[in-house]
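Have a look at the structure below before the remarks.
The values are calculated or read from the model by the stated rules, or taken from the named source; none is laboratory data. The shown structure was predicted, so the numbers you read here are calculated from the model rather than taken from an experiment. Here the Cβ positions follow ideal geometry from the backbone for every residue, glycine too, while neighbour counts run over all protein chains shown. With ligands, DNA and RNA removed, areas are computed over all heavy atoms of the protein, side chains included. Shrake-Rupley method; radii C 1.70, N 1.55, O 1.52, S 1.80 Å.
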Amino acid sequence: MPTSDVIETAATKLVQGSLVAIPTETVYGLAADASSKTAVAKIFKAKGRPNDHPLIVHIAKPTASLEVNDEESWAEQLAPWARDIPTVALTLAKSFWPGPLTMILPRAKNVLYELTGGQETVGLRCPDHPVAQALLTQFKGAVAAPSANRFGRVSPTSAQHVVDEFSGVPQSEWDEEIMVLDGGLCSVGIESTIVDLTRLDDYGPIILRPGVITKEQIEKTTGMQVGKRPEDNMRHSGGLSAHYAPKTRLLIATSENKTQLIALLKTPAKIAWLAWEAPAQFTDSIQSNLVIQTFPKDNLQAAKSLYQLLRELDAKAYDYLVFPKLPDTDEWAGVRDRLQRAAVGSGI
Ligand code: TXA
Ligand code: MG
């Protein structure tokens, strides 16, 4: 864990308008002072991200520890960033913050359009990682932080991943060196659940991106039914069908593509096959070009290891990665979503 001196240096960098990669419980983020146009512009440059994709603003938790159970304290934390804050937002904050939940709320009037993709709404999250919280407290402000990966690629869940992600990119693309705070491996492993609370009257809370906080948890906590996402042109980059993608072609084994996959096994293609357990039909004829590896049966464990696994497998010379079809249940929604998008964007 970084010492208080290192946290102080990182906070100074933020004040100076530089980028700092920070650990959060979900994935590492690429942070910049959320109130500075020039600092925020550096994020887009470093990531290679289109300018109209909104960023999440990360805020500190209330200072006194008891206050995390108090809706008024959360209202104060949110006040500089959001307006017309509905009661359910405070209920959700009290239940899940600090934690892997992002809320979309109407933006307060001084919030930069550079953060919101030009929209009237803003994404807000209070991360549950001691290093992120220490930095936010020291900095005395909020940071805009997308996942610290190049656009469209797998999110980093360790400090080394962040270094790997940016080391191949010409420095001229983002002006200056990025300071990376090492906070160990991320405990959640996939990005926060994003819930839109700006259209409650018409739709109820809307989940824009599933994560480990589930639809059922949100419904139970708010007492409202989660609405179906309307067809609209709201910009949110995790919303692209191809995302979180490895460079190696990724396939999901289903009953429909079984014949195609068995045919693939007869070719010289090198394959990493992730399975709940070794499929019976392979056990007596494991080919030298096929490696079978088990995939966690527990959804939280799967979330925690997914991106690390994708990076490791992508670094080896496989032609195909085959993953199991995941259960169609609420608790698997986050991992299922990431794997689906990884499959669509893979091999490019
Ligand atoms: O767990 C996380 O959320 C991580 C960590 C670093 O906090 N952050 C993250 O950021 O995943 P990013 O930028 O990679 O993804 C943020 C998502 C994008 O899909 C973005 O479009 C959406 O949040 N988003 C942000 N503000 C929004 C808004 N006002 N309306 C709709 N979507 C928004
Ligand atoms: Mg991202």
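Quick notes on this one:
- Calculated FRET efficiency for the pair Asn110/Ser255, C-beta based, R₀ 51 Å, to 0.05: 0.45
- Per residue, the chain exposes 45 Å² of solvent-accessible protein surface, assessed with a 1.4 angstrom probe and all protein chains in place.
- Working from label points 7 Å from Cα in the Cα-to-Cβ sense, the Asp330 to Thr137 distance is 3.5 nm.
- Normalised by the number of residues in the stretch 19-108, the mean separation of alpha-carbon contacts (under 8 Å, six or more apart) gives a relative contact order of 21 percent.
- For the chain, the antiparallel share of DSSP beta bridges with both residues in that region comes to about 40%.
- Cβ-Cβ FRET estimate between Ser167 and Met1, R0 fixed at 25 Å, reported to 0.05: 0.60
- Under conditions of 10 °C and 1.306 mPa s, the stretch 1-124 yields 103 µm² s⁻¹ as its translational diffusion coefficient, taking Rh as the Kirkwood radius over Cα pairs in the Stokes-Einstein equation.
- Note on Ala41 and Glu71: their simple-model spin labels are 4.2 nm apart, each label 7 Å out from Cα toward Cβ.
- The portion of the accessible surface of the chain made up by carbon and sulfur, rounded to a whole percent, is 51 (1.4 Å probe; DNA, RNA and ligands excluded).
- Under the simplified labelling scheme, the Lys266-Gln160 pair shows an inter-label distance of 4.0 nm, with each label point 7 Å from Cα along Cα→Cβ.
- Counting Lys and Arg as +1 and Asp and Glu as -1 over every other residue whose Cβ lies under 9 Å from the Cβ of Tyr318, the net charge comes to +1.
- Taking other residues whose beta carbon is less than 14 angstrom from the beta carbon of Pro230, and scoring Lys, Arg as +1 and Asp, Glu as -1, yields -2.
- Computed over the chain, the per-residue total of -39500 (n - 2.57) for DSSP H runs of n ≥ 4 gives a 222 nm mean residue ellipticity of -9500 deg cm²/dmol, rounded to 500.
- The stretch 67-215: antiparallel DSSP beta bridges as a percent of all, rounded to 5: 65
- Whole-number percent relative contact order across the chain, with pairs defined as alpha carbons under 8 Å at least 6 apart: 20
- Sites Thr9 and Gln293, calculated FRET efficiency, Cβ-Cβ separation with R0 45 Å, nearest 0.05: 0.65
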